[in-house]
Each structure stands twice: as C-alpha cells, then as structure tokens.
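Any read-out appearing in this document is the output of simple, stated calculations on the displayed coordinates, not a laboratory observation. All figures in this text were calculated on a predicted structure; none of them were measured in a lab. Cβ placement follows ideal geometry from the backbone for every residue including glycine, while neighbour counts extend to all protein chains displayed.
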Amino acid sequence: AWEEVPKKVEAEASQAVLFPADDESVGSVCLGWSGPHIGDVRTCVALEVLFRFLHEGAAAPLRQKFVEQKHPKASDVTLSVDLRLRTCLTLQLSGVPNSQGEAEEEAEQAMEDDGEEGEESDEEDDDE
C-alpha cells in the first residue's frame with residue numbers, strides 16, 4: 001500500500017503490447033488518464049455517474065459511436081473509474097478489428113478466388 005499519493009503523470013506515453021490470442025483478427029485498445037484524488041468523493045461519484053451514462057446500454061453515446069453501427073469499430077466499450085489513492089480513468093474498447101488481420105484475410109480470400117477461377121478455366125480447356 002502506498003503511504004503517499006503518487007505524483008501526477010507529467011508526460012504522455014503510448015505503447016503497443018502484443019499478446020497471443022486465439023483470434024488475431026481483433027484486439028483491444030485501452031486509454032487511461034490520471035483522475036482526482038480518492039478523497040474527492042463528490043468528483044469520483046460524479047465521474048462514475050457520467051461514465052455509466054456514456055457507456056451502459058445500447059442507447060449510450062459511446063456504444064452508439066463505436067459498437068452499434070453497420071461497421072462497428074469495436075464489439076464492446078467500457079469506461080471506468082479505478083479507485084486508488086490517485087484514481088485512474090480508463091476507456092477500453094474490446095473486439096477492435098485488426099487492420100493487419102483484415103488485410104491478411106482479404107489476401108487469402110483473393111488467393112482462394114484466383115484458385116477457383118484457375119480451376120474453372122482448366123475445366124473449360126479439358127472440354128475442348
């Protein structure tokens with residue numbers, strides 16, 4: 001347990017973390033911000049209420065923007081306040097399509113399609 005509140009983070013940081021998964025066609029995106037002091041109960045509760053409005057239920061704005069679309073950007077979205085001495089505000093998008101995975105799938109499909117076309121032309125040659 002910390003004996004004092006950690007200092008606020010001054011610099012921005014970004015990191016891609018690769019991890020093994022059964023389905024590499026999708027991934028997760030997680031964004032985090034340093035929040036208010038745990039003693040600021042009013043602000044922490046206000047953030048909890050706001051975050052619930054923003055992400056819970058099919059009509060929630062974040063769910064409408066990222067999930068409930070013809071071409072969804074993610075399969076799930078969560079927004080939370082992690083209660084620590086200095087709280088952490090976290091936005092997580094799950095089931096985010098991996099563009100590299102999509103490109104690989106499209107290439108495989110194109111190769112399969114080319115192979116089928118080649119088989120058809122071979123059959124036509126045999127008929128002659």
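Would you please classify the overall shape of the range 5-46 from the alpha carbon gyration tensor, given that a ≥ b ≥ c denote the square roots of the eigenvalues, rounded means a/c under 1.5, and beyond that prolate means a/b larger than b/c while oblate covers the rest? Display every interim value, and only then the final one.
Details: a/c = 3.93, a/b = 2.09, b/c = 1.89.
In terms of gyration-tensor shape, prolate.
Can you give the local net charge around Phe66? Use residues other than it whose beta-carbon is closer than 11 angstrom to its beta-carbon, Lys and Arg +1, Asp and Glu -1. Could you put the intermediate results ahead of the total?
Numbers: positive: Arg63, Lys65, Lys73; negative: Glu68, Asp76.
Around Phe66, the surrounding residues sum to +1.
Work out how much length His37 to Glu12 would gain on full extension: take 0.36 nm times their residue separation and subtract the Cα-Cα distance, in nm to one decimal.
Numbers: separation 25, 0.36 × 25 = 9.00 nm, distance 1.94 nm.
Full-extension gain reported as 7.1 nm.
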**Complete:** Charge tally for neighbours of Val29 with beta carbon under 14 Å away, counting Lys, Arg as +1 and Asp, Glu as -1, is +1
**Message:** Taking R0 as 22 Å, what FRET efficiency do you get between Thr78 and Cys44 from their Cβ-Cβ distance, rounded to the nearest 0.05?
**Reply:** 0.85
